[in-house]
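**Student:** A single structure is presented below for examination.
The values are calculated or read from the model by the stated rules, or taken from the named source; none is laboratory data. Quantities reported herein were computed from a predicted structural model and do not represent experimental measurements. When we count neighbours, we look across all protein chains shown, and the Cβ atoms used for this are built from the backbone with ideal geometry, even at glycine. Just so you know, the surface numbers come from the protein's heavy atoms only, side chains and all, with ligands and any DNA or RNA stripped out. Shrake-Rupley method; radii C 1.70, N 1.55, O 1.52, S 1.80 Å.
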Amino acid sequence: MNCGTDPARLKIAGMSSDRIIQIERDILGRNNTMAADNRARFLADDLLVFNLVSSPGAGKTSLLVRAISELKKSRPVGVIEGDQQTSNDAERVRATGVPAVQINTGKGCHLDAAMVGEAYRRLPPLKDGILFIENVGNLVCPAAFDLGEACKIVVLSTTEGEDKPLKYPDMFAASALMLINKIDLAPVLDFDPAQTIEYARRVNPKIEVLTVSARNGEGFAAFYAWIRKQAAHQKRRA
Ligand SMILES: Nc1nc2c(ncn2[C@@H]2O[C@H](COP(=O)(O)OP(=O)(O)OP(=O)(O)O)[C@@H](O)[C@H]2O)c(=O)[nH]1
Ligand SMILES: [Mg+2]
Ligand SMILES: [Zn+2]
């Protein structure tokens, strides 16, 4: 099923729109139940889990490769990679010495909680560590699928233009942090970070924002500080 379709507008021969809406509700309901199971397991393992979302090529894997090279010095780190095809991204992550499990979704355009629960069982113990889930590159339906993460991090790169939060508001509304990546390219692209932040806060007034470059490491100290803050926050709640 194409989960990015608005079920109220979708037309399938021989099926009423009420029935289509019901099917969509069932899918999301089942996903939420499994996401709650994942979340309980992650908390029991003292694991901090982030779900990275973005359009294809915004730089999720590049950000991860740089961040985990640093973060792995102080705690266990693991990665679950989601792509329609290939294990390129898992291989890039493994090259840093961190375990990674690749999920291939085939025709699917997002990860769901069942896929993540199964992939998590294939990772070594990460107690007291961090698990990054890199979702399929897609700014639409991954917003609707809870995977059991502590929060979603949306990556928006300077090459995509300032208006993406307005065009794809659900993703920005669902995320706790927006990383504006490829900031090294901002001058040549005439990219306006302030305008982007203003748009993102129109759809999510609480979203936190950091500007980074996975290419040269700019902004990563602030990203690590943000992760430490999330870790402390989770420990306080536990
Ligand atoms: N200049 C510049 N290029 C970057 C930066 N981050 C990533 N790139 C480049 O952008 C391209 C895509 O990066 P990836 O890390 O593969 O992006 P992704 O979001 O993981 O892509 P998918 O998994 O396919 O959705 C690569 O050519 C990277 O080298 C950055 O901060 N600055
Ligand atoms: Mg990637
Ligand atoms: Zn999808």
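**Student:** Just name one of CYS109, ALA174, ASN138: the one whose Cα is farthest towards the positive end of the charge dipole of the chain (beta-carbon charges, Lys/Arg +1, Asp/Glu -1).
**Tutor:** Of the candidates, ALA174 comes out farthest on the positive side.
**Student:** Still on this structure, I have one more. Helix hunt in the chain: which complete DSSP H runs extend at least 30 Å axially by C-alpha with mean Kyte-Doolittle at least -1.0?
**Tutor:** Taking the DSSP H segments of the chain (at least 30 Å long, mean hydropathy at least -1.0), we get 17-44.
**Student:** Rounded to a whole number, what % of the accessible area of the chain do carbon and sulfur atoms account for, probe 1.4 Å?
**Tutor:** 52 percent
**Student:** Here's something else I'd like to know. Compute the convex hull volume of the Cα atoms of the chain, divide it by the residue count, and report the result per residue in Å³ as a whole number.
**Tutor:** 131 Å³
**Student:** With +1 on each Lys and Arg Cβ and -1 on each Asp and Glu Cβ, how big is the dipole of region 3-105 about its Cα centre, in debye rounded to the nearest 20?
**Tutor:** 160 debye
**Student:** To continue, here is another question. Mind jotting down the distance between the C-alpha centroids of region 116-169 and region 199-232, whole Å?
**Tutor:** Going from one Cα centre to the other spans 14 Å.
**Student:** Expressed in nm to one decimal, what extension gain is obtained for the pair LYS229 and ALA114 from 0.36 nm per residue of sequence separation less their Cα-Cα distance?
**Tutor:** Extra length available between LYS229 and ALA114 comes to 38.6 nm.
**Student:** Please work out the average accessible area per residue across the chain, using the 1.4 Å probe convention, and give it in Å².
**Tutor:** So the chain comes to 48 Å² accessible per residue, rounded to a whole number.
**Student:** Also, I was wondering about something else. How many Lys pairs in region 1-158 lie less than 27 angstrom apart by Cα atoms, where the lysines are 8 or more positions apart or on different chains?
**Tutor:** 12
**Student:** Report the antiparallel proportion of the DSSP beta bridges in the chain as a percent, rounded to a multiple of 5.
**Tutor:** Taking every DSSP beta bridge within the chain, about 5 percent pair in antiparallel fashion.
**Student:** Considering amide H positions built from the backbone, and no H for Pro or chain starts, which residues 5 or more places from ASN181, or on another chain, come under 5 Å of its amide H?
**Tutor:** It is LEU156, SER157, THR158, VAL212, by chain and number.
**Student:** Could you rank the peptides 20-29, 38-47 by their average count of other C-beta atoms within 10 Å per residue, with the highest value first?
**Tutor:** Top of the packing list down: 38-47, 20-29.
**Student:** Run the dipole for the chain about the Cα centre, Lys and Arg Cβ at +1, Asp and Glu Cβ at -1, nothing else charged, and hand back the magnitude in debye, nearest 20.
**Tutor:** Using Cβ point charges on Lys, Arg, Asp and Glu, the chain gives about 640 debye.
**Student:** Quick one: go through region 20-38 and flag any residue whose amide nitrogen is under 19 Å from the point 7 Å out along the Cα-to-Cβ line of LYS206.
**Tutor:** Counting only backbone N, you get 36.
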